[in-house]
Amino acid sequence: MVVARIIKSADSFVRLTSARQDINKDNMICVSGPKGSGKSNTSMVLALKDINFHNKILKTGKRKYRRVRENAQPLRWNFKSCMPYTVDEIKERSDNPDVLAPYSPMVVDEAIEAVYKRDALARSTKDIIKRFNKNRTRKIISYWCVPDFLDLDRDMRKMFNYHIYVMWRNGEYSINLVFRRSISAEDPWNLDLLRKRVQNIWEEISEQEAWDIVKKLRFHPNLIGVFRIKALPEKFYSKYEDVREDGVFRREQSLEEPPNKQYLDLNNKYETVLFNLDRLFNKNRGDKKKLWKAMCKLPGEDDKYVMSLSSFSHKLNTLTKK
C-alpha cells in the first residue's frame with residue numbers, strides 16, 4: 001500500500017507544524033544530512049517561513065485560517081535568540097519567554113555537540129528532554145541539525161516528531177524528505193528501511209538518481225512527503241556564518257570549563273556508595289535486604305545509577321535462583 005503524501009512543499013509542512021503549536025503539541029524536528037548538505041539552510045528557511053506564517057495568522061487568522069492566537073506578538077528573525085549554540089543557551093530559550101517568545105522558531109545548529117549519544121553530555125541531554133516536555137505550552141518549534149539521525153541518543157530520537165533528511169543539494173536548492181514518527185514502541189522511525197536507501201549516498205548521486213530513490217521510498221511507512229528548499233540569499237548566509245563562528249567559539253569555551261564542586265561531590269559520593277556496595281555483596285552474599293538498602297543510597301537517576309541497579313539486580317536474581 002502506498003502511504004498518502006501530505007507534504008508537497010515547505011509551506012505545507014509549515015502549516016502542519018503550526019497547527020500543532022495551536023493545540024500545545026511538541027514541535028521538535030530533526031534535520032539530518034552529511035556535512036555541507038544544507039541542513040542549516042533548510043532549518044533557517046523553514047524557521048523564517050514559520051515566522052511569516054505566524055504573522056499572517058495574527059493579521060488574518062480568524063477570517064482566512066480560522067485561528068486566533070490570543071496574547072501573541074508579531075515575530076521577527078533574530079540570530080542571537082533563535083540560534084543557541086551551548087547547552088545553557090538551549091535551556092534558557094526553553095524556559096525564558098523574554099529570550100524566546102511563544103510561537104518562535106529555534107534552530108540548534110550542529111546539535112550533535114549537545115546531544116551526541118556517546119558524549120559526556122548525556123546528563124545534559126536528559127535535562128534538555130525534560131525541559132521541552134515540561135514547557136511544550138510555550139509553543140516553541142525547534143529544528144535540530146545533525147549529520148546522522150542514528151548518532152542521537154535513543155530517547156532523544158523518540159522526542160522528535162518529524163525527521164527531515166536533506167537528500168541532495170546544488171547551489172540553487174535542495175531535495176528534502178520528511179518522515180513522521182510512528183506509534184511503534186520498538187522502532188518508531190523504521191530506521192532499517194531508511195538506512196538501506198539513504199545513508200551515505202549524498203555527493204555520490206545526481207539529481208535524477210535522487211528522485212529515483214524518492215520513488216523507491218514511496219512505500220516507507222514514515223515518509224509523508226518531499227519538498228525543495230531554495231538557497232538563502234548570500235547576504236543572509238554571510239551573516240549566519242559570522243554568527244556560527246561566534247557560537248562555535250562560545251560552545252568550545254563552555255565545554256572547556258571544569259566540573260563544578262556540586263558535580264565533583266556527587267561523583268565522589270557515588271564512588272563511595274558503589275565501593276561499599278561491592279564490599280556488602282562480597283561479605284553478605286545472602287543478605288539481599290542490606291544490598292537493596294545500599295543501592296537506594298546511590299545519588300541521582302543518571303546513567304551510572306541505572307547501570308548499577310541493573311548490574312546488582314542481576315546479581316541478586318542469581319542469588320535467589322541458587
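Some points to look at:
- Each peptide in 12-19, 216-223, 237-244 receives the mean, over its residues, of other Cβ atoms within 10 Å, and ordering these scores from highest gives 12-19, 216-223, 237-244.
- Couplings for the stretch 48-57, taken from phi via the Karplus curve 6.51 cos²θ - 1.76 cosθ + 1.60 with θ = phi - 60°, read 5, 5, 4, 5, 4, 5, 4, 5, 5, 4 Hz in order; Gly and Pro are left as x.
- Computed lengthening from ASP95 to LYS25, 0.36 nm per intervening residue step minus Cα-Cα distance: 23.6 nm
- Anisotropy class of the stretch 10-256 from Cα gyration tensor, a/c 1.5 cut: rounded
- On the beta carbon distance between LYS235 and LEU58, with R0 = 25 Å, the FRET formula returns roughly 0.40.
- For ILE183, neighbours were defined as the other residues whose beta-carbon sits under 15 Å from its Cβ, and their charges (Lys and Arg +1, Asp and Glu -1) total +2.
- The stretch between ARG250 and ASN78 holds 60.2 nm of extra length on full extension. This uses 0.36 nm per residue minus the Cα-Cα distance.
We did not get these values from a lab; they are worked out from the coordinates using the rules stated. Since this is a predicted model, take the numbers as computed values, not measurements. Positions of Cβ are backbone-derived with ideal geometry, glycine not excepted, and every protein chain shown enters the neighbour counts.
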